[in-house]
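Chemist: If you scroll down you'll find the structure; I have some questions about it.
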Amino acid sequence: MRGLMQEWPLLVHTFIDHANIHHGEREIVTRRVEGDIHRTNYSEIYSRAKRFSKALQKLGVMQGEVIGTLAWNTYRHLESWYGITGMGAIYHTLNPRLFTEQLEYIINHAENQYIISDTTFVKLLEGIEKNIPNVKGFIFLTDKENMPDTKLKNSLSFEELIDAEDEDFDWVRVDENDACGLCYTSGTTGNPKGVLYSHRSNVLHTLAANSADAMGISSTDSVLPVVPMFHANAWGISFSAPMVGCKVVMPGMNMDGESIYQLLTDEKVTFTAAVPTVWLMLLQYLEENDLKLPYLNRVAIGGSAVPKMMLEKFEKDYEVSVMHAWGMTEMSPLGTIGAFKSGMEDLSFEEQINIKLKQGRATYMVEMKITNDEGNELPWNGKDFGHLLVRGPFIASKYIKGEGGQILDNQGFFDTGDVATIDELGFMQITDRSKDVIKSGGEWISSIELENAAVGHEEISEAAVIGISHPKWDERPLLICVPVEGKTPSKEDVLEYLKEKVAKWWMPDDVVFVEEIPHTATGKIQKITLREQFSDYSLPTT
Ligand code: AMP
């Protein structure tokens, strides 16, 4: 027998509808790329999103088509998302930190019809326009007066498009399983792969990620998502904020310590979220200027492991509770978060810190298992570590266009590529990663691509790249090279050669020359041995 409840598809416009009705006056504050602080509210965002949906339809955008967004966290970026999804199209977040070949690849691969962009990226777009011929035009998130002087074809002003429409528009009622958003992951090898979120998966993720033991934001909070919308939906805050009607503070392009401190204080922010690199910059600024954080209650930190020093400082010196979170683009992104279980409030500070150093326990609708190389499940005892696999309704089942083939095991679990322990209480801790990517400031640097570029140098016969810990960026690449016999290339020479080949922020922080690189039995570079060998190595940039 079937239940007798109403058919009500789980569509993302319901978030902004709810905010409009119940929290219409609640503020959305943005540090705009134009430099000023701008204030709007949920009702305005709702109205402008509807007008933008109409404008997109007039431009000929069809349901199911993909629109790129190359933008910082701002109210306009948010409006564009609700406008795109509200008329049945798909937002595709473009990470401006990708290097241009990757950007071109994902724009073409995802078949972007238009690109919505901040004015800060005009030069970037001009540089790649000839290689993205199927893009029909560019919509700049600004008004007519601030439109860039550019020869990009069909350059339009977002404000002008909105001004030309009224809000008399019914959201297009798509199926809840229809695609809603797209975000590419940059893997270690091969091209980036697209994770295609549905309306349903975004709604379910929002409900789970914002439950009380997870992010748990509420209408009384003032929320600063420093984590960019192009990093897996700003960890869902683009949806959970209107769901609860909290105040939102959008940082725009400035994420340095001073800019973030100003927003935290001026806008009385109670909850914020970002990768460790951002918080290192903030903590340094606070210390240098002898400042406190009187309003902030909770900070969610993820993307890479939270350093102990950071945890202790936030908790002890600033009385801010740290919520250590783990997830990935394929998981929408939240998988685990470190909320205490009953009784843990009574533990000593040191014991609590040790719990918070773990990546946390699974949110509702995320199932986890750890397995050995044979695929056998390992016990949850906090000691045995193995491949971490996950399944659930907001976890990817395939990549777009079938790239990467079958990605689930026969029980429907997805291999995260991380290696972890899980303790008796269900707290997971990452011990290693099976991939060898270098995480720099929340972004990934592929060691393999750097190695491939380096061996293009005629005096290098073999190269290996490993991440060396860095106080600001978390990790930075160290390039280890074996010179061609009889040659003595210099560090400067190698770096000069790489300059042309890789993005600036991918450049190795140092180059060392060795006689030999260790190999496994199957001829692969033995990164574990290299890491041990260079465990005490300190980069010249630290
Ligand atoms: P991305 O898909 O770019 O968000 O990267 C996901 C990967 O980042 C995960 O598979 C982990 O390797 C890593 N990661 C995310 N959060 C954490 C964390 N809290 N601690 C350690 N690694 C993390």
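The values are calculated or read from the model by the stated rules, or taken from the named source; none is laboratory data. Remember, predicted model here, so these are calculated numbers, not experimental data. Please note: Cβ atoms are built from the backbone with ideal geometry, for glycine as well, and neighbour counts cover all protein chains shown. SASA here: full protein model, heavy atoms, side chains in, ligands and nucleic acids out. Shrake-Rupley method; radii C 1.70, N 1.55, O 1.52, S 1.80 Å.
Chemist: Measure up K356/K383; K308/K356; K308/K504; K316/K356 against 19 Å on the Cα-Cα distance and list the ones that go over.
Modeler: K308/K504
Chemist: Related question: With a point put 7 Å past each Cα toward its Cβ, work out how far A164 is from L124 in nm, to one decimal.
Modeler: It is 2.6 nm.
Chemist: Now, a different point. Is the shape of the stretch 438-533 rounded, prolate or oblate, going by the alpha carbon gyration tensor and its root eigenvalues a ≥ b ≥ c, with a/c under 1.5 for rounded and a/b larger than b/c for prolate?
Modeler: oblate
Chemist: Roughly how many Å² is the accessible area per residue of the chain, as a whole number, for a 1.4 Å probe?
Modeler: Solvent-accessible surface per residue comes out at 43 Å².
Chemist: Then there is this: Ordered by residue, what ³J(HN,Hα) values in Hz, to whole numbers, does the stretch 368-375 give under the Karplus form 6.51 cos²θ - 1.76 cosθ + 1.60, where θ = phi - 60° and Gly and Pro are x?
Modeler: Working through the residues one at a time gives 10, 8, 10, 10, 8, 4, 8, x Hz.
Chemist: Short version: what are the Cα gyration tensor semi-axes of the chain, square root of 5 times each eigenvalue, largest first, in whole Å?
Modeler: Rounded to whole Å, the semi-axes are 36, 29, 24.
Chemist: Per residue of the stretch 50-58, what does 6.51 cos²θ - 1.76 cosθ + 1.60 with θ = phi - 60° give for ³J(HN,Hα)? Whole Hz please, x for Gly and Pro, Karplus curve as stated.
Modeler: Computed from phi, the couplings for the stretch 50-58 are 4, 5, 5, 4, 4, 4, 5, 4, 5 Hz.
Chemist: Hey, another quick one. As a test of the formula, what do you get for the chain when each DSSP H run with n ≥ 4 contributes -39,500 (n - 2.57) and the sum is divided by the residue count, at 222 nm and rounded to the nearest 500 deg cm²/dmol?
Modeler: Rounded to the nearest 500, the figure is -7500 deg cm²/dmol.
Chemist: If amide hydrogens are placed 1.01 Å from N in the peptide plane, which non-local residues have theirs closer than 5 Å to the one on G303?
Modeler: Those qualifying (amide H under 5 Å, at least 5 residues apart or on another chain) are G327.
Chemist: Hey, another quick one. For the stretch 366-433, what % of the accessible area comes from carbon and sulfur atoms, probe 1.4 Å?
Modeler: Carbon and sulfur atoms account for 46 percent of the accessible area of the stretch 366-433.
Chemist: Give the relative contact order (percent, whole number) for the chain; include only Cα pairs under 8 Å separated by 6+ residues.
Modeler: RCO, the chain: 10 percent.
Chemist: How large is ³J(HN,Hα), in whole Hz, for each residue of the stretch 505-515 in order, when computed from phi with the Karplus curve 6.51 cos²θ - 1.76 cosθ + 1.60 and θ = phi - 60°, using x for Gly and Pro?
Modeler: 6, 8, 4, x, 6, 7, 10, 10, 10, 10, 6
Chemist: Cα centroids of the stretch 126-165 and the stretch 66-106: how far apart, whole angstrom?
Modeler: 14
Chemist: On to the next question. Roughly to the nearest percent, how much of the accessible area of the stretch 226-361 is carbon and sulfur, given a 1.4 Å probe?
Modeler: Percent of accessible area from carbon and sulfur atoms in the stretch 226-361: 48.
Chemist: Pairs of lysines 8 or more apart, or on different chains, with alpha carbons under 12 Å: count those in the stretch 111-194, would you?
Modeler: Going through the stretch 111-194 pair by pair, I get 4.
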